[in-house]
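The values are calculated or read from the model by the stated rules, or taken from the named source; none is laboratory data. None of the values given here were measured: they were computed from a predicted structure. Counting neighbours? That spans all protein chains shown, and the Cβs are built from the backbone with ideal geometry, glycine included.
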Amino acid sequence: MRRTTLLILLVLAVALAPGVHTAQAPASATPLAKALAGWQDMRFGLFIHWGPVSLTGHEIGWSRGAQTPSDAYDALYTRFNPVQFNADEWARAAKDAGMKYVVFTAKHHDGFCMWDTKTTDYNITRSPFGRDVVRELSDACRSHGLVFCTYYSILDWRHPDYPLGSPAGKTRKANADMNRYAEYLKQQVSELVTNYGPLAVMWFDGEWEEPWSVERGTDLYAFLRRLQPSLIINNRVSKARAGMEGTSAAGQFSGDYDTPEQRIGGFNMGRPWESCMTICEQWAWKPDDAMKPLSQCLRTLVSTAGGNGNLLFNVGPMPDGRIEPRQVERLKEMGAWLRLRGESVYGTRGGPFKPGAWGASTRRGTRIYLHVFAWDGDARTLPAIPAKVTRVQLLGGARVEFTQTTSSLTVRVPAASRDPIDTVIALDLDRPAMTIAPVEVGSSGKAPAPQRTR
Ligand code: JFZ
């Protein structure tokens, strides 16, 4: 009897001891987990692709050895003098857009360094401009309350030690040494983290080429994790990414979050993700590039948040250092909308209704925000949820007619009260919104019909 009691106590003690069930300490305790949750709360960031290539109007990195011969490309920096560059204006543009963080191309595939680095002379301080752009931008971001992050290309088509070259990694260099290159890369990223940090995110890219490996990625990740325990590192540090979908293969080392490119990522409550997307078509500046209409910009942001992702929205500043005025204007329009509707985006999580042509939903506390794009007359019907809706309001005021049955929810808003881009409706529930399992929304607005066998 006494032995049984002791045994029970022992089992209980082991079972209740922290950290016994999971391999690590509770996720919420680590600096990384905290940083990731805070980064998810921000939801919207500015991506900036810039360098001497803006002088040509062609794509950064990719145009080397293609539209621009490599020698000419590599000499562009000798006449790069963007005298109208003003980091405060860039930071203000991000701020006015309602963005919370900035990711800047410290080094793209062409290998040119936009900071004052000791590792190579191929950097901005050797240009006629002579100013440390990463320094000025990181300072400006901090003084405007924005979080600063760097983009860094693992591949470097110009560096003699990196085995592949332009165009697009299709040529091979004779005396390359990948081990020596990996040391150079580590010195560079440690300069960025140490001299310009703490950074919120190290946004790697260019991992797909053959010289990079999971082993090198794992080593680089550990190296950075030691330098800054709270640093968020995207999945392009490793090799697990499945093309432009940007999702990582399960069980493979893949950094801290997924990176769908030029598309809205799939609904995912489990793994953090961020869609990167251009405001026009090219990453770097291109004259008269086709700019996305405001409705598309906002619906992209809201659908991303509705799928539980972040949006990293890209501008390519001009060779004189300014962001195109029409792009600044578009960003302002997004910010104006967010100033009125931001509570339905910032600090929310996606779901429970999965995004689609109908709209999207976000949630926080006991509230669900419906973002309705498409109406059926004055109505939007959605599948039932296992919660009682206690109050319904249109963000911005007007009355909403609402009915809840065992099989569906319907909101009705007259055209005059709807926002042609996104009508946001707050549903207050009798329980925490995060307890509700994800709900598929069929094209009719009802739950999709059961799959028929063909
Ligand atoms: C990459 C970069 O190449 C691009 O310039 C930009 O920085 C973006 C955010 O990330 O995107 C890619 C990567 C690979 C291909 C195309 C775009 N590819 O292999 O065709």
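Looking at V424, V400, which one is under 25 Å from S295 (Cβ atoms) and in contact with a Phe, Trp or Tyr (Cβ under 7 Å, 6 or more places away or on another chain)?
None of the others qualify; the one that does is V424.
Please go through region 312-326 and pick out each residue that is touching a strand residue (DSSP E or B) at 6+ places or on another chain (Cβ under 7 Å) and either assigned to a loop (DSSP other than H, G, I, E, B) or buried (at least 24 other Cβ atoms within 10 Å of the Cβ) (or both).
If the condition is that a residue be touching a strand residue (DSSP E or B) at 6+ places or on another chain (Cβ under 7 Å) and either assigned to a loop (DSSP other than H, G, I, E, B) or buried (at least 24 other Cβ atoms within 10 Å of the Cβ) (or both), then L312, F313, V315, P317, I323 are the ones that fit.
Here are I233, I264: which of them is more than 14 Å from the ligand (Cβ to nearest atom) and within 19 Å of P31 (Cβ to Cβ)?
Details: I264 fails: within 19 Å of P31 (Cβ to Cβ).
None of the other options fit; the residue is I233.
Which one is nearest to the ligand (Cβ to nearest atom) among residues in region 273-306 that are surrounded by 21 or more Cβ atoms within 10 Å (Cβ to Cβ) and in a loop (DSSP other than H, G, I, E, B)?
My answer is W283.
Can you pull out the residues in region 327-347 that are over 24 Å from V392 (Cα atoms) and not in a helix (DSSP H, G or I)?
none
Among the residues of region 371-417, write down those that are touching an Asp or Glu at 6+ places or on another chain (Cβ under 6 Å) and not in a loop (DSSP other than H, G, I, E, B).
If the condition is that a residue be touching an Asp or Glu at 6+ places or on another chain (Cβ under 6 Å) and not in a loop (DSSP other than H, G, I, E, B), then H371, T390, R391, R412 are the ones that fit.
Here is a check on your reading of the model: is Q252 touching a helix residue (DSSP H, G or I) at 6+ places or on another chain (Cβ under 8 Å), within 16 Å of the ligand (Cβ to nearest atom) and within 30 Å of E215 (Cβ to Cβ)?
Numbers: touching a helix residue (DSSP H, G or I) at 6+ places or on another chain (Cβ under 8 Å): yes; within 16 Å of the ligand (Cβ to nearest atom): no; within 30 Å of E215 (Cβ to Cβ): yes.
It is false that Q252 is touching a helix residue (DSSP H, G or I) at 6+ places or on another chain (Cβ under 8 Å), within 16 Å of the ligand (Cβ to nearest atom) and within 30 Å of E215 (Cβ to Cβ).
Could you tell me whether any residue of region 290-300 is closer than 18 Å to E207 by Cβ and either modelled with pLDDT of 95 or more or under 13 Å from the mean Cα position of the chain (by Cα) (or both)? Explain how you work it out, then say what you get.
Pass one, region 290-300, residues closer than 18 Å to E207 by Cβ: none.
Within region 290-300 (the criterion being closer than 18 Å to E207 by Cβ and either modelled with pLDDT of 95 or more or under 13 Å from the mean Cα position of the chain (by Cα) (or both)), the answer is no, since none of the residues qualifies.
State all residues of region 244-264 that are closer than 16 Å to V302 by Cα and either within 10 Å of the chain's Cα centre (by Cα) or among the basic types (K, R) (or both); if no residue qualifies, say none.
Residues satisfying the conditions are P260, R263.
Having 3 or more residues that are over 15 Å from N314 (Cβ atoms) and within 16 Å of the ligand (Cβ to nearest atom) is the bar; report the helices (runs of 4 or more DSSP H) wholly within region 22-113 that clear it.
On the way: elements: 31-42, 70-75, 87-96.
Per the criteria, no element qualifies.
When you go through A336, A357 one by one, which is the residue that is free of Cβ contacts under 8 Å to residues at least 24 places away in the same chain, aliphatic (A, V, I, L, M) and either under 30 Å from P82 (Cα atoms) or away from the ligand (no atom under 16 Å from the Cβ) (or both)?
Going through A336, A357 in turn, just one is free of Cβ contacts under 8 Å to residues at least 24 places away in the same chain, aliphatic (A, V, I, L, M) and either under 30 Å from P82 (Cα atoms) or away from the ligand (no atom under 16 Å from the Cβ) (or both): A336.
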